[in-house]
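Here the structure is laid out as structure tokens; the discussion comes afterwards.
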Amino acid sequence: MPKKQKFIITTGGVCSGLGKGISAASMGTILQGMGYSIFPMKFDPYLNIDPGTMNPFQHGEVFVTDDGAETDLDLGHYERFLDISLNRHSSVSTGQIYTKILSKERQGEFLGKTIQIIPHITDAIKAEVLRAAEISKADIISVEIGGTVGDIEAEPFLEAMRQLRHDVGTENIYFVHVVLIPYLMASQELKTKPAQASVRELRRIGLRPNMIIARSDYHLPKDILQKIAFFSGVSEQAVIPAVTDESIYHVPLAFEKHDIGLTIAKKLELAYHEVDLKKWEKLHKDRKLAKKIKKIGLIAKYARSIDAYFSVIEALKAAAWSHGVNPEIVDIDSEELEKEGIKILKDLDGIVVPGGYGKRGTEGKILAAEYAREHKIPYLGLCLGMQMMVIEASRNLLGLKNATSEEFDAKAEDSVIHLMPEQQKITSKGGTNRLGVYDCKLTKGTKVQAAYDKIHIKERHRHRYEYNNDYRERLEKAGVLVAGVNPDLDLVEIVEIEDHPFMVGVQFHPEFLSRPTKPHPLFSAYMKVIAEASSKF
Ligand code: GLN
């Protein structure tokens, strides 16, 4: 490890859901704004190997990296804030650590020793951090410990970080603890006791925070901040009030008002440079100026599932703000659409059908594609949303009434979406998707090619099924153009409806490459059409 690398460890106290990921990403953004390179990591204390097989409606979306790792949605925050591409070294679960240790044990690598949480598991955790440091060569490694201090599952990670402090030296490591300061309506008081208990719990493990991020829904007065500084042994300028913000993208600006960059730099003995957050200031301004409201229907398996489609929603927002539009995302339950019919779509300015698995709710999504095509409503189909579009066109333009995907009916006569032969052998569930970045060659003259303004692109994938080339000629004749193909396997990656303002389906997930400060070209082209359409309101 080059000597100068620094480590910032972010933990959470009191309860989950405080925005530890956003806090760590915002600190990273500030340090990056000072000219330092950052490599973020997230440790997840659960026993699953990765979130790939976890229910997105419980756990949030599965974020996919270039190298095909299926990771926690916090990695999406890191990519969006830091505008960097992460890899599998950024996402480590307890399941992965144990798997590694146990397979070594089976191979006899421990030479008959008793394997224990300390030192074997903790060593393996430290090794992950040091490996990420070595591979990334970043100036600063930002490590977020998932879960809440006090959870049994998080203990080995915290112990490993305590040891890491010893190994790298206290001048090279910085501990940030994010806590909740609740407000009691009845007595009209802000309470610091839960935060105190959480800092005490950290101390019990042998850790002392260098900075406290105090999350609250209410303004935190000076005396409360002083009290937090006093009981946690942190200097007053390192107690950062973090009142729930109007937008997550404003958090770096809000944090830097408290000179976080300077405080961290001093303690880590890093040279201080003025923090450049210009692109975040511009984003803040664009967002404020985006007044024209447009309703975008997100046709999903379950409604009210923001976390399950986090990157899609953020990509829509970024594109909308850049075109002066304020998007109102309308959650539409596809099963309700099946029951109620297309009347629930009638006020929408645009339709998005995001990714998904399984048959449930797909007829509603196919109905949405039909409605969008016939009424010329801008439509963006992401992965499953592209497959829905192809099924709809096959049924209604080619007259193949039973057209479907092999995923929903293995014996269907017209599987316009099917499993590739090499995938048919796979039976286990974890990690069987086509994952990560693949090349795509765009077709000249299509709207998609104009949007990207290049011919060769790379996009991230996560799916099992593909467009069936047997139907390609007929579909193209009917106006379902092939706008992009994987050049190595001749797989259709993008379809586009001819003679429509914007109806595009992609077999990949462009939302993972969108950045708030740099909207993705497809989302941007989609939103441009919506922004320019005369408003119905
Ligand atoms: N279920 C579809 C497939 O496996 C789509 C997956 C997705 O939308 N991510 O191909």
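A few notes on this one:
- Summing Lys and Arg as +1 and Asp and Glu as -1 over all other residues whose Cβ lies under 12 Å from the Cβ of Gly364 gives a net charge of -3.
- Judged by the mean number of other Cβ atoms found within 10 Å, the most tightly packed of the peptides 233-243, 316-326 leads the ranking 316-326, 233-243.
- Order by protection proxy (mean Cβ within 10 Å, highest first), peptides 508-518, 268-278, 109-119: 508-518, 268-278, 109-119
- Local net charge near Gln32, Cβ-Cβ under 14 Å (Lys/Arg +1, Asp/Glu -1): -1
- Debye intensity ratio in log₁₀ form over the Cα atoms of the chain, taken at each q of 0.13 Å⁻¹: -1.27
- Taking Lys and Arg as +1 and Asp and Glu as -1, the other residues whose beta-carbon sits under 9 Å from that of Gln163 total 0.
- Crossing angle, helix 278-289 versus the chain [Cα axis fit, 0-90 degrees, rounded to tens]: 60
- Compared with the dominant principal axis of the Cα atoms in the chain, helix 193-205 is inclined by about 70°.
- Nearest-ten-degree value, helix 521-532 long axis tilted from longest Cα axis of the chain: 70
- Highest to lowest packing among 156-169, 61-74, scored as the average C-beta count within 10 Å: 61-74, 156-169
- The value for the range 309-374 of Rg(Cα) / (2.2 N^0.38 Å) is 1.18.
Bear in mind these aren't lab numbers, they're just calculated from the coordinates by the rules spelled out. All values derive from a computational prediction rather than experimental measurement. Here the Cβ is made from the backbone with ideal geometry for all residues, glycine too, and neighbour counts use every protein chain on show.
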